[in-house]
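Computed from the coordinates by the stated procedures, all read-outs in this text should not be read as laboratory data. Note that this is a predicted model, so its numbers are computed, not measured. A quick note on method: Cβ atoms are made from the backbone with ideal geometry, for glycine too, and the neighbour counts reach across all protein chains shown.
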Amino acid sequence: MTDPNAGRLRRMAAQRNCDTVLSGRPPASVAEQLEALRAITTDDLLPDFYGEGGAVEELECRVGELLGTEAVAFFPTGTMAQQVAMRYGAELTGRNGVGLHPLSHPMLHERDAPAVLGGLRPVRTTDAPRSPTAEEVAALDEPVGTLLLELPLRDAGFVLPTWDELVAVVEAARQRGARVHLDGARLWESTVHLGRTPAEVTALADSTYVSFYKSLGGHSGAALAGSAELVRYARAWRHRYGGNLFQQSPAALAALAGLAHELPRLAGYVAHAKVVAAALATLPGARVHPAPPHTHQFRLWLPHPADALNAANLALAEEEKAWFVGGWRDTEVPGIALAEVTVAAPALELDADQVVDLADRFLRRLPPR
């Protein structure tokens, strides 16, 4: 019987052995993760108890400082945190409609959870592959209790509005009597494009969710930030949703480490992503979007089948200890595949010429067309 995890484990092992990595970072082993936690843990630190005290409380305080909010609640998942935020908006306003982009995370990746668990009704804000405009929000044909804005909109290519566009959208929602919730899973790196601090971005909204593992390298977990009233409500519903875990200190410590070590580096990743994207755009038949990238992540298309691209990347990793870009998937256009590129610490070692050289070595491993 074929092990369904064999392919994933093989890719992880290959990436861990690479000396050169363009997209992402080599996965850490469990032993390495534990060693990193031990390095930031004091001998007298006691574990949290159902989210109270210890590293969890320290993390909530730190996030509150960074986001400038009155209160913060730690959640095991962002999906759960956002369910609670949208439910709160419905109860507060008496409207069960939620303004959502069809490419947003709740619409694409949560198995209809807003409707099934919260009785919420999605109201599509726009079909364009970008954040909604103020005019589109003002023209919604039914009222919403919450307007959810995903910053950046990952499944449109990690795209962001400008600061002025974001301010205008928030004002349009307010005029419609809606609360504004920010899906800030990747808020930390969005501040570069927006030209504002995390606290300035968060100040626009009634509530904000941030992730600790997507860009900060944490193990898991999220935070919901906003008013003290919101957070009291969130803690009650976190318990009802089964998110009040007995102890969460390891996840909280990993998040604190990410805030201390990765957060200050994200602006550098965003800057280098522009260099990487421009180099990749010179490849035969390649396309990158957005150009230049809004964050340290962007999309790359190449005119080859996904299976061939993934096989070439794995062969390059195993035979030359170099990782180009993985996770290719076929698009609706036959023969053209798409991947997401994440520029992190390993990619900083590669200048534009080295990126092109690595790409050439990768492309030479593809079968003749």
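Taking the alpha carbon gyration tensor of the stretch 1-95, multiplying each eigenvalue by 5 and rooting it gives semi-axes of 35, 23, 14 Å, largest first. Work out, in µm²/s and without decimals, the Stokes-Einstein translational diffusion coefficient of the stretch 54-96 at 10 °C, 1.306 mPa s, Rh from Kirkwood over C-alpha pairs. Calculated translational D: 136 µm²/s.
Shown here: the stretch 222-357, whose C-alpha atoms stretch 55, 33, 31 Å along the first, second and third principal axes, sorted largest to smallest. In angstrom, the C-alpha Rg and Dmax of the stretch 41-193 are 16.8, 58. Evaluate the Debye formula for the stretch 75-117 with equal point scatterers sitting on the alpha carbons, no solvent, and hand back log10 of I(q)/I(0) at q = 0.27, 0.28 Å⁻¹, in q order, two decimals. Each listed q maps to, in turn, -1.06, -1.11.
From largest to smallest, the equivalent ellipsoid semi-axes obtained for the stretch 198-245 from the alpha-carbon gyration tensor read 19, 18, 6 Å. Residues whose amide H falls under 5 Å from that of G97, counting only those 5 or more places apart or on a different chain, are R121, G145, with hydrogens built in the peptide plane.
Over the chain, what is the percentage of antiparallel beta bridges among all DSSP beta bridges, to the nearest 5?
Once the DSSP bridges in the chain are tallied, antiparallel ones form about 60 percent.
Look at where the Cα atoms of the stretch 1-32 and of the stretch 215-250 average out, and the two centres are 30 Å apart. Running Debye on the stretch 68-154 with equal point scatterers at the Cα sites and no solvent, what base-10 log of I(q)/I(0) appears at q = 0.12 Å⁻¹? Debye intensities relative to I(0), on a log10 scale: -0.35. Couplings 3J(HN,Hα) for the stretch 134-146, derived from phi with the Karplus relation 6.51 cos²θ - 1.76 cosθ + 1.60 (θ = phi - 60°), are 4, 5, 5, 5, 5, 9, 3, 8, 8, x, 10, x, 9 Hz, where x marks Gly and Pro. Summary of the geometry: the stretch 44-111 and the stretch 113-175, compared by the centres of their Cα atoms, lie 18 Å apart. Among residues other than T202 with Cβ under 13 Å from its Cβ, the summed charge is -4 (Lys and Arg +1, Asp and Glu -1). Taking all pairs of distinct Cα atoms, average 1/r, flip it, and tell me the Kirkwood hydrodynamic radius of the stretch 115-168 in Å to one decimal place. Hydrodynamic radius (Kirkwood, Cα pairs) of the stretch 115-168 is 12.3 Å.
Distant-in-sequence amide contacts of R124, defined by a placed amide H-H separation under 5 Å and a gap of 5 or more residues or a different chain, comprise L100. For G97, neighbours were defined as the other residues whose beta-carbon sits under 11 Å from its Cβ, and their charges (Lys and Arg +1, Asp and Glu -1) total +2. Highest mean packing first, where packing is the average number of other Cβ atoms within 10 Å per residue, the peptides 9-17, 275-283 line up as 275-283, 9-17. In whole percents, the pair-distance distribution calculated for the chain from its alpha-carbon pairs, binned every 10 Å from zero, is 5, 23, 30, 26, 14, 2, 0.
Counting Lys and Arg as +1 and Asp and Glu as -1 over every other residue whose Cβ lies under 11 Å from the Cβ of A228, the net charge comes to 0. Sequence-distant contacts, meaning Cα pairs under 8 Å at least 6 residues apart, place the relative contact order of the chain at 21 percent.
Using the crude model of +1 on Lys and Arg Cβ and -1 on Asp and Glu Cβ, and no other charge, please compute the dipole size for the chain relative to its Cα centre, in debye to 20. Magnitude of the dipole: close to 660 debye. Taking the alpha carbon gyration tensor of the stretch 134-280, multiplying each eigenvalue by 5 and rooting it gives semi-axes of 26, 25, 12 Å, largest first.
In the stretch 291-369, the ratio of gyration radius to Kirkwood radius, Rg to Rh, stands at 0.95 when only Cα atoms are counted.
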